[in-house]
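Colleague: Attaching a single structure in structure tokens format; questions to follow.
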């Protein structure tokens, strides 16, 4: 029986659809003039103080008041300003820098560790009163830290630890927002099946956490660490009421004392050192964000897409 040959040009439906898809012009992303302008305004607003700070740090004391604020002076004094900043008053700036670094390492590092352990436990273990704990954490986030500064000072004064580094470190160990962030992150990042498989294989809870769960929590940990580090590095009000000895001052409080020298009787105006010290102060934060940006960006996006 004779059969009709299929035309040589015939193609399967999937091949034809793929060819049509290749020939179809790709749509360009929609552009919004309003969104572009708004983004540009926010960018300029964000970079304006940084640009002013970098330019002002290159000026001498006289150049700060005799030149335009957003342009360089005739004399480039950045290196001289840095040398004077780190040697002024027997190098007290370096002492303040070391104090701030210690507060960050112990305070922010400890806060991140506690938030990681607490968030993991609240996300993966059931216990009586878990909803009450959730309500307490949410309520603690709503309370500003400045509202707790005075009660904390009264409590620490009774304990005799005011005017010591512990009066700054201990409050920094508590981060309700970091705890909540690690709670939600651990709930999404660690499958329950992974924990069950580890327990069936005979792994203990500590081994399961440190060997299996901790690598999965790395983006959230870095995010909490950066938030805690910024909060501790920029902390001003708490050290202001807790510390009296300048040897324990952080950078924020120390630079403020330099800034107020001009308003005191017989005080020396060192505004160029304040500006240069402020520039040196923000450099570690910028470096931390740039080096860890791929971690904290993924940590911020955790939980935004529901599987």
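Rule-based calculations on the coordinates, nothing more; no lab input. These figures come from a predicted structure and were not determined experimentally. Reconstructed Cβ throughout: ideal geometry from the backbone, glycine too, with neighbour counts over all protein chains shown.
Colleague: Residue 207 versus residue 177, label points 7 Å from Cα toward the beta carbon: distance in nm?
Modeller: Reported label-point gap for residue 207 and residue 177 is 3.9 nm.
Colleague: On to the next question. For helix 176-189, report the angle its Cα long axis makes with the longest principal axis of the Cα atoms of the chain; keep it between 0 and 90° and round to the nearest 10°.
Modeller: Orientation of helix 176-189: about 20 degrees from the principal axis.
Colleague: Below 8 Å between Cα atoms, with a sequence gap of 6+, how large is the relative contact order for the stretch 103-300 in percent?
Modeller: Working: 188 pairs, mean separation 59.2, N = 198.
Reported relative contact order: 30 percent.
Colleague: Compute the acute angle (0 to 90°) between the alpha-carbon long axis of helix 13-23 and the principal axis of greatest extent of the alpha-carbon atoms of the chain; round to the nearest 10°.
Modeller: Taking Cα atoms only, the helix is inclined about 40 degrees.
Colleague: For residue 289 and residue 200, what does the FRET efficiency come to when R0 = 51 Å and r is the distance between their Cβ atoms, rounded to the nearest 0.05?
Modeller: E between residue 289 and residue 200, to the nearest 0.05, is 0.80.
Colleague: Next question. Based on Cα positions only, what radius of gyration and what Dmax would you give for the stretch 103-300, in angstroms?
Modeller: So, for the stretch 103-300, Rg and Dmax equal 20.3, 74 Å respectively.
Colleague: Would you calculate, for the chain, the mean residue ellipticity at 222 nm contributed by helices, counting each DSSP H stretch of 4 or more residues as -39,500 (n - 2.57) and dividing by all residues, to the nearest 500?
Modeller: -20000 deg cm²/dmol
Colleague: Which residue fluctuates most in the GNM of the chain (Cα springs below 10 Å): 123, 98, 197?
Modeller: Highest fluctuation among the options: 197.
Colleague: Next up: Given a 10 angstrom Cα cut-off, can you work out which residue in 135, 77, 189 is the most mobile in a GNM of the chain?
Modeller: The residue with the greatest mean-square fluctuation here is 135.
Colleague: Shifting gears a bit: Within a 10 angstrom radius of the beta carbon, how do 79, 248 rank from fewest other beta carbons to most?
Modeller: Fewest to most other Cβ atoms nearby, the residues stand as 79, 248.
Colleague: Please find, in a Gaussian network model of the chain (springs between Cα atoms separated by less than 10 Å), the residue of 178, 129, 110 whose mean-square fluctuation is greatest.
Modeller: In the Gaussian network model the winner is 129.
Colleague: In addition: Report the full-extension gain for the segment residue 48 to residue 257: residue separation times 0.36 nm, less the Cα-Cα distance, to one decimal in nm.
Modeller: Contour length minus the Cα-Cα distance gives 72.7 nm.
Colleague: For helix 145-159, report the angle its Cα long axis makes with the longest principal axis of the Cα atoms of the chain; keep it between 0 and 90° and round to the nearest 10°.
Modeller: The two axes meet at around 60 degrees.
Colleague: Sticking with this structure for a sec: Which semi-axes, in whole Å and largest first, does the equivalent ellipsoid of the stretch 87-144 have when worked out from the alpha carbon gyration tensor as the square roots of 5 times its eigenvalues?
Modeller: 38, 13, 5
Colleague: Could you please rank 222, 133, 150, placing first whichever residue has the fewest other Cβ atoms within 10 Å of its Cβ?
Modeller: Arranged by neighbour count, lowest to highest, 222, 133, 150 become 150, 133, 222.
Colleague: List the relative contact order of the stretch 41-82 as a percent without decimals, with contacts defined as Cα pairs under 8 Å and 6+ residues apart.
Modeller: 39
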